[in-house]
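Asker: My structure is below; once you've seen it, I'll send some questions.
Each reported figure results from applying straightforward, stated rules to the coordinates on display, with no laboratory input. Remember, it's a predicted structure, so these values are computed and weren't measured experimentally. Methodologically, a virtual Cβ is constructed for each residue, glycine included, from the backbone with ideal geometry; neighbour enumeration extends over all protein chains shown.
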Amino acid sequence: MKRVVLAIVGFAIIIIFIVAYLFNKNKSTQDNLSNRTLIATVNVAPIKVKTMSKYIVAYGIVESKPGTANTVSLNFDATINKLYVVDGQNVVKGQLLFSVIPSPTVQSQLMQAENSLNSARENLKIVQEKFKLHLVSKQDILNAQNALNQARIIYDNLKKTYIDKVYSSIDGVVTKINYTQGSSVASGSPILSIADVKNIAIKCGVEPEDVNFLKPDLPATISLIDYNRKITGKIISISNIIDPATHLINIYILPDTKKDLILNSYVEVNIPILTKTGLGVPKSALLYEDGHYVIYTVKNGVAKKHVVNVILKNEDYALVSSPDLTDKDLVVTQGAYELKNNMNVKVQK
């Protein structure tokens, strides 16, 4: 009886193993058939060799090239009598800018110098008359003449210094007026600024962490916001300090052309800091899976999965690298989310 029971149990175990084997084999066959028969419709595009750049984007303003703006000031205290120009006005060399009234102290100095000059003239006349009467020597005449010459030099210098009308020394545009009519101006204070339109540049600010990528003569593209136009230029100077007003580092860019550049107008600047050449694919081809990017290529109706390294991206394309990709491959641009490796596909015409 025990032998019969053991035989039955053994036979049952064999039957179970046979059933399980047949079930798994049938499931594997069905899966393989499913992978072979499932077809996805996709769009493809050729992989192309492309050159792409990474840019720093900054915003700036058109102003005078550093060191070329003409700042007008006085070397004496005065009051603005009348302004003859306004902000933004074009001026030519020799054009009257403003008139002033020297301060009482300045006027007193000028009056004293004029009185000293008149006294020296009278004194010379007196000495000359005395010389005719043999009352003084020739040396006395020379001394009186030297005193007159000295008084004249002092008066002429003050007269040149204490002017009452100020004229432009260059052709340009008035960019800033710091005082109004009737204002008191201290010696050395900038009254107005004139920009030389032949020497303009783009001043823009960049983030401190980006400045290490920049250097003089690096090319830049300048977008004229008001004119929907782009021009080229190059970096001519980079500041070594952070601007406390913007917390950015100022750089100056010299444009290749001055056409359509208006002082104080705003522009957008793109500066390439990295340029690479490689295999370019449309951005729509990129999938992000398990911490890395993948793409699918199609060959002979079968989709092949590739893990890729993304080097650079722009609005439309990504520059990628992978050891098994070439510029002869076709990359899936639409329908990739439905794909698996080695899946049959139909390319939509």
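Asker: Calculate how large, on average over all directions, the projected area of the Cα convex hull of the chain is; give the answer in nm² to one decimal.
Answerer: The directionally averaged projection comes out at 36.8 nm².
Asker: Farthest toward the dipole's positive end in the chain, which of HIS247, LEU124, ALA336, given Cβ charges of +1 (Lys, Arg) and -1 (Asp, Glu) about the Cα centre?
Answerer: ALA336
Asker: Then there is this: Counting Lys +1, Arg +1, Asp -1, Glu -1, what net charge surrounds LEU224 among other residues with beta carbon under 12 Å of its beta carbon?
Answerer: Local net charge: +1.
Asker: OK, next. I want the local charge near ILE170. Using Cβ-Cβ distances under 14 Å, sum +1 for each Lys or Arg and -1 for each Asp or Glu among the other residues.
Answerer: In short, +1.
Asker: Let me ask another. Averaging the inverse of every distinct alpha carbon separation and then flipping it gives the Kirkwood radius. What is it for the range 286-349, in angstrom units?
Answerer: By the Kirkwood definition, the hydrodynamic radius is 12.3 Å.
Asker: Using a Förster distance of 30 angstrom, determine the FRET efficiency expected from the C-beta separation of SER321 and SER265, and round it to 0.05.
Answerer: 0.10
Asker: Straight-line reach from LYS138: which lysines have a Cα under 17 Å away, not including same-chain ones fewer than 8 places off?
Answerer: Answer for LYS138, where 17 Å is the Cα cut-off: LYS125, LYS130, listed by chain and number.
Asker: Moving on. So what's the angle, to the nearest 10 degrees on a 0 to 90 scale, between helix 138-161 and the longest Cα principal axis of the chain?
Answerer: Compared with the principal axis, the helix lies near 30 degrees.
Asker: Among all the aspartates and glutamates, which ones have a C-alpha under 19 Å from LYS160's C-alpha, if same-chain residues fewer than 8 places away are not counted?
Answerer: Counting by Cα, and skipping residues close in sequence, LYS160 has these aspartates and glutamates nearby: ASP77, GLU114.
Asker: Calculate how steeply helix 104-132 sits against the longest principal axis of the alpha-carbon atoms of the chain, using the helix alpha-carbon long axis, and give the answer as 0 to 90 degrees to the nearest 10.
Answerer: 40 degrees
Asker: If the chain between THR180 and LYS48 were fully stretched, how many nm would it gain, using 0.36 nm times the residue separation less the Cα-Cα distance?
Answerer: Length gained, THR180 through LYS48: 41.2 nm.
Asker: Further, regarding this structure: Please give the direction-averaged projected area of the C-alpha convex hull for the range 170-213, in square nanometres with one decimal.
Answerer: Its average projected convex-hull area is 5.7 nm².
Asker: From the C-alpha gyration tensor of the range 70-194, pull out the three semi-axes of the equivalent ellipsoid (sqrt of 5λ each), sorted largest to smallest, in whole Å.
Answerer: Rounded to whole Å, the semi-axes are 43, 14, 9.
Asker: How long, wide and thick is the range 198-309, going by the Cα atoms along their three principal axes, in whole angstroms, largest first?
Answerer: For the range 198-309, the Cα extents along the three principal axes come out at 63, 31, 23 Å.
Asker: If you average the C-alpha positions of the range 127-161 and of the range 58-90 separately, how far apart do those two centres end up, in angstrom?
Answerer: 43 Å
Asker: Tell me which of GLY188, SER169, LEU83 sits at the most positive position along the dipole axis of the range 70-194, charges placed on C-beta atoms (Lys, Arg +1; Asp, Glu -1).
Answerer: Farthest towards the positive end: SER169.
Asker: Under the rule a/c < 1.5 gives rounded, and otherwise a/b versus b/c splits prolate from oblate, where does the range 39-131 land using the Cα gyration tensor?
Answerer: Prolate, since a/c reaches 1.5 and a/b exceeds b/c.
Asker: With +1 assigned to the C-beta of every Lys and Arg and -1 to the C-beta of every Asp and Glu, and no other charges, what is the dipole magnitude of the chain about the Cα centre in debye, to the nearest 20?
Answerer: In total the dipole reaches around 1420 debye.
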